[in-house]
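Just below is one structure, and these are the notes that go with it.
Where a number appears in this text, it was derived from the coordinates with a stated rule and is not lab data. Computed from a predicted structure; not experimentally measured. Glycine also receives a Cβ, built like all others from the backbone with ideal geometry; neighbour counts cover every protein chain displayed.
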Amino acid sequence: NKARMSAAGIVGFALEAAPRTTRAQSMDVLSSQANIAGYKAVLVAAHHYQRFMPMLMTAAGTVKAARVLILGAGVAGLQAIATAKRLGAVIEASDVRPAVKEQIESLGGKFLDVPFVTDEEREIAQGVGGYARPMPPDWMRRQAELVHERAKAADIVITTALIPGRQAPVLLKEETVKAMKPGSVVVDLAAAQGGNCPLTVADEVVERHGVTLIGHTNLAGMVAADASALYARNVLDFLKLIIDKEGKLAIDMKDDIVAACLMTKSREPELTS
């Protein structure tokens, strides 16, 4: 598509390429849509889970709260924590970046801590531009062992881990799914990028080893009205950067947001430098 647009002389922008900076927050389409996906992931999981989410004390007996494990505490993961908490679940969450520990705990979740044993691990864990980076194999092994143990105790697992430009990391292995309780539910938000679980099937709901795996690739589209409204605001705020007071196109390549988002240039000389 980029080649065809370029050949046609079209000015093309990709808002998902906007830098993760304070000034660009209002046009961050990835965050606005991931926020919705994290919310809907919990509701979809609750729909497929055959028990209550909150603890209930009734005349017919006491129902234990659902245990929810969330892997990846970016925008989607944090919203999933907040939504699951509102529904009364007990929540554990894991992330490569130690900086999100306070955010997880402030939302009512418990942070699953995988200690760093080398300076390399600490440096990589800081991430770049708000994204996680691939961790060294030894740290991934230690995280996998902890995730395996906590997934066995969980009723619902929501995975949200993505690395830009790369296939999604495998966080929930087949042997872990086999060890989970029958009737458990997995929502894999990385299904479109290969999945955080190899058993996930994109755009399908399947059952494997007694566990329901949900691979919807457009959860934001299930909350269409608000998804569209938030996306429209993202686009509007971006247009303000490339249109002058007279309403004419004025693409300023000195603007870091505009420069990052520009994918193809026009043959017309309207770009300013």
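Test of understanding: what is the full-extension gain from residue 148 to residue 118, defined as 0.36 nm times their sequence separation minus their Cα-Cα distance?
My answer for the length gained is 8.5 nm.
Test of understanding: what is the full-extension gain from residue 260 to residue 133, defined as 0.36 nm times their sequence separation minus their Cα-Cα distance?
That works out to 43.7 nm of additional length.
Let me see the pair-distance distribution of the range 166-206: every alpha carbon pair, 10 Å bin width, integer percents in order.
Per 10 Å bin, starting at 0, the Cα pair percentages come out as 31, 57, 12, 0.
Tell me the mean residue ellipticity at 222 nm calculated for the chain from its helices only (DSSP H runs of n ≥ 4, each -39500 (n - 2.57), averaged over every residue, nearest 500).
Here the helix-only value at 222 nm equals -11000 deg cm²/dmol.
Among 91-99, 51-59, 223-231, 145-153, how do they line up from the highest to the lowest mean number of other beta-carbon atoms within 10 Å?
Highest mean packing first, the order is 91-99, 145-153, 223-231, 51-59.
Can you check what the net charge comes to around residue 42, using other residues whose Cβ is under 11 Å from the Cβ of residue 42 (Lys, Arg +1; Asp, Glu -1)?
The answer is +3.
Which value in nm describes the separation of the simple spin-label points at residue 202 and residue 236, placed 7 Å from the Cα toward the beta carbon?
3.3 nm
One quarter of the convex hull surface, Cα atoms only: what value does that give for the range 2-65 in nm²?
That works out to 8.0 nm².
What distance in nm separates the simple spin-label points at residue 209 and residue 106, each placed 7 Å from Cα in the Cβ direction?
3.6 nm
Report the relative contact order of the range 152-194, percent, no decimals, based on alpha-carbon pairs under 8 angstrom and at least 6 residues apart.
Across the range 152-194, relative contact order equals 60 percent.
What are the DSSP H helices in the chain that stretch 24 Å or more along their long axis, judged by alpha-carbon atoms, and whose average Kyte-Doolittle hydropathy comes to at least -0.5?
Span-like helices here: 29-48, 224-242.
Would you mind ranking 28, 255, 138, 244 so that the residue whose beta carbon has the fewest other beta carbons within 10 Å leads the list?
244, 138, 255, 28
If you project the alpha carbons of the chain onto the principal axes, what extent comes out on each, in Å, largest first?
72, 46, 34
What does the charge count near residue 208 come to, summing +1 for each Lys or Arg and -1 for each Asp or Glu among other residues with Cβ under 9 Å from its Cβ?
Around residue 208, the charge tally is -1.
When each pair of different Cα atoms in the range 163-260 is counted once in the 1/r mean, what is the Kirkwood radius in angstroms, to one decimal?
The answer is 16.5 Å.
Taking only the alpha-carbon positions of the range 85-201 and ignoring solvent, what does the Debye formula give for the base-10 log of I(q)/I(0) at q = 0.10, 0.15, 0.20 Å⁻¹?
-0.30, -0.70, -1.27
Could you run the Debye sum over the Cα atoms of the range 181-237, one equal point scatterer each and no solvent, and tell me log10 of I(q)/I(0) at q = 0.22, 0.28, 0.29 Å⁻¹, two decimals?
The Debye formula, applied to the Cα set alone, gives -0.79, -1.00, -1.04.
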